[in-house]
Structures are given as structure tokens and as C-alpha cells.
Amino acid sequence: MVQPTLIVAIDLGTSATTSSHTRVRDSFDNQGNLHREKLGSVSDVKDWPGCIEGATGNNCVTTDLIYRRTTRELLYWGFEAKEYLDDAFNSIPRSDVFVVETIKLLLQDPDEAKVPSAASERYRAMRKTLTATLHKHPDEVFEDLLSRVLEHVLENATRKYSIPLHNHQVELVLAFPSGWHDHIHTTVARIGARALQKAVITHGLRNMIFGIENVYTVSETLCGVKEWLRETVAEASSIDFETQTTNLDELNVSTGPQSVTLSVCN
């Protein structure tokens, strides 16, 4: 059996995020070993909503989120949120909105800090304010962001490739801090799975094959996800993914030979 697969890789930075994707063809030999054939080069997402075409660094979309206080509706994210924050004359007054920055840092529970610090107390206050204002847990706000990111990434991939993606399997690779608690990695895996499922439905790609078992992690401290994906695709056509990436359910992080430089966006 031959299965076309779309690999989506996301570097979950603190203040900015990047994403890349590529297509491969999967098959299995008589021993059940996976063989992966590249079907093209890696594509970086650079057309984020609100970005200026050709601008330096526009592959790094900011992680800012702007909510309306009264309805708790997400109004802007990414470059559109940055544009709102940079504009002194907005139709929606700043007093009517709630700004969420560096949401990734709020995923950690300050009570789990080994040594209490000024930073952990600051994050505790930020989490408390966020929950009181939006009536949402930081995990839910992070899902809001990742859902918007993945919706756009799938749209970008749909336009990029000349063939329909309906019957593709999808694998989602997330670069995330390896030193954080295991349960945070598990939480991010579930958030990623839900966000991608939403994106698949939004774009009418209901025949896509995807599940929590298709979410993988690579160590943010060891590699930038774009570099990881490029090197993976550049390797020999037979790629054993089981030895190079680890399912997030297993609560481990890949430290294989494909790990390279630090991520570009923070």
C-alpha cells in the first residue's frame, strides 16, 4: 500500500512561531518497515494574514492575541494583532480589548516551579488575570492560537500543491521545550490534534487521515523545526520515522542525528 503524507512542522516560539510543510510517499516492505520517498522540497509559510509581502522575517508570525473583553471573542492574532497594537487610532478602543502575549509561557503552572522566582510570580498573576477576564484556561487560549495557525498552514499547503490533499495522511511535528513537565507535552499534543482536526474540517478535507498518534515532537533546544524538516527530507529516500521522531504520547523527545541548530524565532 502506498500512502501520500503531508508533514506539517511548527516551531512553537514564545513571541513568534514558524511553520513549514512538505509531501512524502509512504510504503511498507514485506517486513513492515516504513519507507518514505520525498515528493518535493520543504515549503516555508510566509503569507501569514496581515503580513507585508517580502518583509524580512515574515515567516515568523507573532503569537499575540487580541480578545474583546465583553464577548471574549478573538478579534485578531499574529500580524493583524501586531498591526492593532501598533495603531494609535483603532476603531475598537484599547480599553475594550484584552491582549495576550507569550501565551506559551503561561502553560506552565507556577506552583510546579522548583524554586519560586519573580518570573513565576509574574506568570501566576498573568494566568489569574487571563482566566478572570476571558473565563478560559491558558490551554484554551493556546488552542485558539494553534487553531488559527493550522487553519492557515493547511490553506497554504492546499494552494501550494497542484494535487488535492483529500486522501493524504497528515503528520504534525511540534518543536517544544524538552525540559518542561511531561504533562505539558501531552497537553500540547492533544491541543495540536484538536486544532488540526478543526483545520481539516474547516477546509473540507474530511478524507484526510489524522489522529493523536500522528503528533510528534522534536526538541526545541536541539533544533529549529524548519531545519529538522529540511534535513529529514534531504536524507536518503528510505526514512524510518520511528527512530527519528517520538510520539508525544510516549513523553519522550527526539535526540536523533537529524537534530541541528537552534530555532530562528523565539
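Where a number appears in this text, it was derived from the coordinates with a stated rule and is not lab data. All figures in this text were calculated on a predicted structure; none of them were measured in a lab. Virtual Cβ from ideal backbone geometry, glycine too; neighbours counted across all protein chains shown.
How high is the relative contact order of the stretch 26-89, in percent, counting Cα pairs under 8 Å that sit 6 or more residues apart?
Over the stretch 26-89, the number comes to 23 percent.
If you plug each phi of the stretch 121-131 into the Karplus form 6.51 cos²θ - 1.76 cosθ + 1.60 with θ = phi - 60°, what whole-Hz ³J(HN,Hα) values come out, in order, with x for Gly and Pro?
Each residue of the stretch 121-131 in turn: 5, 5, 5, 4, 5, 5, 5, 5, 5, 4, 5 Hz.
Amide H neighbours of Leu12 under 5 Å, at least 5 residues apart or on other chains, H built in the peptide plane: list them.
Amide H neighbours of Leu12: Ala175.
Name the residues of the stretch 142-164 whose amide N is less than 17 Å from a point 7 angstrom out from the Cα of Asn90 along the C-beta direction?
Residues passing the 17 Å test: 145.
Where does the stretch 1-105 land on Rg(C-alpha)/(2.2 N^0.38 Å)?
Expressed relative to 2.2 N^0.38 Å, the Cα Rg reads 1.51.
Tell me, in nm to one decimal, what length is gained between Arg122 and Glu73 on full extension, where the rule is 0.36 nm per residue of separation less the Cα-Cα distance?
This chain segment gains 15.2 nm when fully extended.
At R0 = 41 Å, how high is the FRET efficiency between Arg194 and Asn30 if r is their beta carbon distance? Nearest 0.05 is fine.
After rounding, the FRET efficiency stands at 0.65.
How high is the relative contact order of the stretch 11-53, in percent, counting Cα pairs under 8 Å that sit 6 or more residues apart?
Relative contact order here is 35 percent.
Output the pairs from Lys136/Lys160; Lys38/Lys104; Lys82/Lys104 with a Cα-Cα distance over 26 Å in this structure; if there are none, say none.
The answer is Lys136/Lys160; Lys38/Lys104.
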